[in-house]
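Everything on this sheet refers to the single structure shown next.
Every number in this text was worked out from the coordinates using simple rules, so none of it is lab data. From a predicted model like this one, the values you see are computed outputs, not experimental measurements. Here the Cβ positions follow ideal geometry from the backbone for every residue, glycine too, while neighbour counts run over all protein chains shown.
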Amino acid sequence: MIKYFLPFLFLIAIVFVNEPLSAQQSEELTAEEITDSDESGVIRRLRFTGNRNVSNSALTTLVRTRTNREFLGIRRFTPWYYIWQVFGVGESPSLLDREVVANDIERIKLYYENLGFFEVEVDTSIIEFRDNRYEVSFLVREGAQSSIRSVSYTGIPEFEQENLLRNFYRNSVFSGRMLNDSTFSYNSQYRAQELREEQTRIINFLKDQGYASVVRDSVRALLRRDDDTPTTLDVLFTVRPGDIYTFGDVNINLAGPEGGNNFDESETKEGPPFANEGYSIRMQKQDAAQTKFELLTEQIQFMPGDTFDQSAYLRTINSFQNLGNILINRFGLSEDSSLPDYSESVIPVYIDLQTIPKHSLRAEFFGMRRYGFGTGAGANYNNNNLFGMAENFSLGVNTSFEFVSSRVIGEIAPRDDTGRRTSSGAALFQSYEVRAEYSVPRLNFPFVFLSNSRFIESARTRYTLTYSQSNQLFFDINSDIRFNLRYEFRHSNRYTSLFDLIELDIVDTNPSAQFRENLINEFGEGSFEFLRIEQDFNPQFSSIIRYSFRSQNTHLIKRNFGHFAEFSLSFAGNIPYTIDRYISTPGEIEGSLPSPFGLSTNDLSYSRFIKFSSDYRRYIPVTQNSVFAFRAFGGIAQPIGDSETIPLNRRFFAGGSNDIRGWNPFRLGPGGISPDDLSIPGGEIKLALFKEYRTIFLRDVFNAQWFLAWHTDAGNVWYGPRNTFRDEDDVELLRDGKFFFDSFYKQIAVGSGLGLRLDWEFLVFRFDLTYRIHDIQEGWLNNRLPYFSFGIGHSF
C-alpha cells in the first residue's frame, strides 16, 4: 500500500530538511511605516499573537498576506510551491507586499471593532530569517470587549393591526425581557453584524407596510456608553420612516424571442378584480411572444392602488422568473430605471419581459456494453408555451440495440442433463422508451386553494407518463407503464416541498424458461433464493404517495458552502390494495390483480409499505482553497398489512462511486452477508456517514481547478424485522443480514482513500482510489486491494 504514497513522502522529506537561519533582520512596523519600504521576498511563515478571542484560522482567512498553500494544514508543507520550483508548474511563490500588510492591519482592526474591541491595537513584525525568506507576524493587543446591555427603538410608526408591531419586536435578534414597550434587556456581546442585520430587518419591515422611501440613512443605531462601565453599551435605533406610498399602475411589455420595442397588441385591465378603482394594469405584447395576457396578470402578487409592499413586489418578479419561458429584461419603480419619484404618493411599476424560443429539439447518441456491445439514440422535443399560458410539454423517445455473441450466450446458458449448454446462438436485443411530460406553473386540483398562500412563492403541477419495452437475455419486459402526478411548492430560495399525489408503475415481465432453469440449477427449486428472486421479477403493480421537503443553500455543482437536506415520507400500495379489496374481488384480498385493459395474461402482485429517509449534507469552508464536507443518511422501509417484503426497486442499496466507495454498486450488504453469497440485493434499513476534505492544489490547468480529496465512507444496509425466511429446521436464513441494535455496528463497512477532482465552471470529473478500512468479511485493515471509481460531479 505504501507504494501509492511514495511521491507524497518524498515531498515531505524535501519540506522538512532543516533550513539554517542567517543573521535575523527583524523590524516591528506600524501601517504608516510599512508603506515606505519596497523590499519584497517570499513569505514562508505567517503568525498571529495576542488574538485570544479570534482564532488563527479566522484571521488567516481575513488577511491578504499569505504563505503558499499548506497541504492538509501541515505547517510549511507546501508541495505545490516546491513543484513550481522544480518543474515550473504548480503554485508560484507568495511574495511579501508591504502595502498589502499595511492594509491587513486595517482589516484586522476593523474586524475586531465589529466584534466590540474598540480599543484594539495591531502592529506587525517582519523577520528575514533566511535570504529572501520572511516571517510575517501580526501583533494584536485586543483590549476589553464591549457588550450590549439594552436595545431600544424610537420613531417606529403605529399600525392598525395590533399584532403587527408585537410580532416585529418578537422577531428581533435582540428580543428578550421587555423593560418597556420598545426597550429590551439584551446583556450579550457586541456584534456589529447583528446591528446591521437588525437595520436591514427594520427597513424591510417598513417597506412591506408602505414606507417605500426608507433607506439605510433612515435607520441609525446610536451607541451610548455607561458612565461607570465604558464597555457596557445601550443601543438606540432611531427610525425616520417617511411617508406611506401606494402602488400605481402596472406597465408590462412582452417581446418575442427576437426582442424589439414595436408591439402588435395591447390590453388594459381596469378596476376590480385586477386593480383598485382608478388604477389599471397596462400590457403590450408582440405576436411572436405567443402568450396570453391572462398569464401576465396571474403573476402579479398585488393590486394597483394597494399600499406599497416590497415583498409582494419581489414575489411578482420571482413569479415571472419561475415561469420557465420568459426572461426579465428590466423591472423597476420608474420608467427610466432611476430611483422612484418619492414626491408623489403613488409609485408605478414597470416590467419588460421577453419570451425564449418556443420549440426545441435535442438528439443524442450513445454506446453501451452489458453482455455484448450496443448502441442507442434518443430524441426529445420541447414546447415551453403550449397553449400560451407557459405550459411546458416534452416528448422523448429512446431506443437501444445490443448484440450478444453466441460465445457469451453459450457461457451463461443453462446445461441439460448431459451437461451441454441448451442455447448457443447469437442474439440481438432491443429496448425503447417513450416519455411524455406536461407541466403548468400553477397548482391544479385539488390544491388550487393554496395558490395565493403567503407560504408559497411559486408552484408547478407536473404530469409524467412513460411507456417502455425491452427484451433481454433470458428476461423480457413486455410493458412498463409509469404515471406520476407531482406538485412542486417553492416556499423560498432555500425551502421546497415535493408532493407526489399519484405515482403508479405497472410492470409486466416475462422471465423465460431458461431464466427459471438458471435459478433452479444455482439454488434449487423451492429454495429461498429461488422463491424470492422469482417474486422480485414477477409482474407488479405499485403505487406511492410521497411527500419530500428540501432545504438547500449551496451551489449544486461546486458544493463548497452551505448545506443540502431532504426528508421524505412515502406510503405505498394503497391503490392496488383498494382495487383488490373493493373492486376486483369484493370482500376478499387476493394479493394480486389482473392486468388492466387485458394488456397481459399475467397477474400483477403488489406490496404495501411505509418508507422514510433523511439525507443531510454540510459543506464547511476551512480556508479559501479547501472545504470539509460530510453527509449523514438514514432510511427505513417497513411492510404493512399482509405484505412481507419491499419491491426490488424500492429498497435501499449500498456501494458504488456515489455511495460507499470501495464496494461495487449494490454489492455491499445486507448486514454481514458476503457479496459472493449475495442473492437477494438491497435492504429495508440503511445507515451511512460520509466525509470528504477537498483542497485546491493546481489552478487553471486546462481551465479547471484541480482538487485533491481525502474521503471516508461508512455504512451498510440491512433486512428489516419482517423480512424473514426459515428452513425446514426452523433456522432463520437471513439472520446475518438482519438489523439488530446490539450488533449492527459490527457490520458497518468503512472505506477511505484519496481522490482527484477536476472542477470546471459547470462540470466536475471525479477519480477516487479507495481502500477497505473495514471489510466486513475480512476485518479491519486486512484487505489491501485498492478500488478505483470514477464519477461526474461530487459524490455528495
What are the lysines whose alpha-carbon lies under 21 Å from the alpha-carbon of Lys285, with same-chain residues fewer than 8 places away excluded? Lys269, Lys358
How many nm separate the modelled label positions at Arg191 and Ile328, each set 7 Å beyond the Cα in the direction of the Cβ? 3.0 nm
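Within 14 Å, Cβ to Cβ, of Ser175, how many net charges do the neighbouring residues add up to if Lys/Arg are +1 and Asp/Glu are -1?
Working: positive: Arg166, Arg170, Arg177, Arg201; negative: Asp181, Glu194, Glu197, Glu198.
Residues near Ser175 contribute 0 overall.
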Within segment 373-400, which residues have the backbone N less than 20 Å from the label spot 7 Å out from Ala436 along Cα→beta-carbon, could you tell me? 378-399
Within 10 Å of each candidate Cβ there may be at most 11 other Cβ atoms; applying that plus a DSSP loop requirement, which chymotrypsin sites (Phe, Trp or Tyr not before Pro) in segment 63-156 survive? none
Just tell me which lysines come within less than 30 Å, Cα to Cα, of Lys611; anything on the same chain fewer than 8 places away is out. Lys686, Lys691, Lys738, Lys746
Zone of Thr307 (label point 7 Å along Cα→Cβ, backbone N under 11 Å): which residues in segment 220-258? 244-246
Using Cα positions and a limit of under 25 Å, work out the lysines in reach of Lys109, with same-chain residues fewer than 8 apart set aside. none
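Does segment 121-253 classify as rounded, prolate or oblate by the C-alpha gyration tensor (a ≥ b ≥ c root eigenvalues; a/c under 1.5 gives rounded; else a/b over b/c gives prolate, otherwise oblate)? The partial results should precede the final answer.
Working: a/c = 3.67, a/b = 1.72, b/c = 2.13.
Oblate is the answer for segment 121-253, as a/c is 1.5 or above yet b/c matches or exceeds a/b.
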Highest average packing first - 187-198, 345-356, 379-390, Cβ atoms within 10 Å: 345-356, 379-390, 187-198
Give me the net charge of Ser468's neighbourhood, meaning all other residues with Cβ under 9 Å from the Cβ of Ser468; Lys, Arg count +1, Asp, Glu -1. 0
Give the shape of segment 425-501 as rounded, prolate or oblate, defined through the alpha-carbon gyration tensor: a ≥ b ≥ c are the square roots of its eigenvalues, a/c under 1.5 means rounded, and otherwise the shape is prolate if a/b is larger than b/c and oblate if not. prolate
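Efficiency by 1/(1 + (r/R0)^6): what FRET value for Val86 and Asn132, r their Cβ-Cβ distance, R0 = 25 Å, to the nearest 0.05?
0.90
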Of every Cα-Cα pair in the chain, the percentage lying beyond 36 Å is 64 percent
Spin-label proximity, Leu504 to segment 579-593 - amide N less than 13 Å from point 7 Å beyond Cα toward beta carbon: 579-580
For the chain, what is the mean residue ellipticity at 222 nm derived from helices alone (per DSSP H run of n ≥ 4: -39500 (n - 2.57); sum divided by total residues; nearest 500 deg cm²/dmol)? -4500 deg cm²/dmol
What is the chain's relative contact order, in percent, from Cα pairs under 8 angstrom and six or more apart in sequence? 6 percent
Considering only the other residues whose Cβ falls under 15 Å of the Cβ of Ser643, what net charge follows from Lys and Arg at +1 and Asp and Glu at -1? +1
Identify the GluC sites (Glu not before Pro) of segment 122-183 meeting these criteria: DSSP loop state and at most 16 other C-beta atoms within 10 Å of the C-beta. Glu158, Glu160
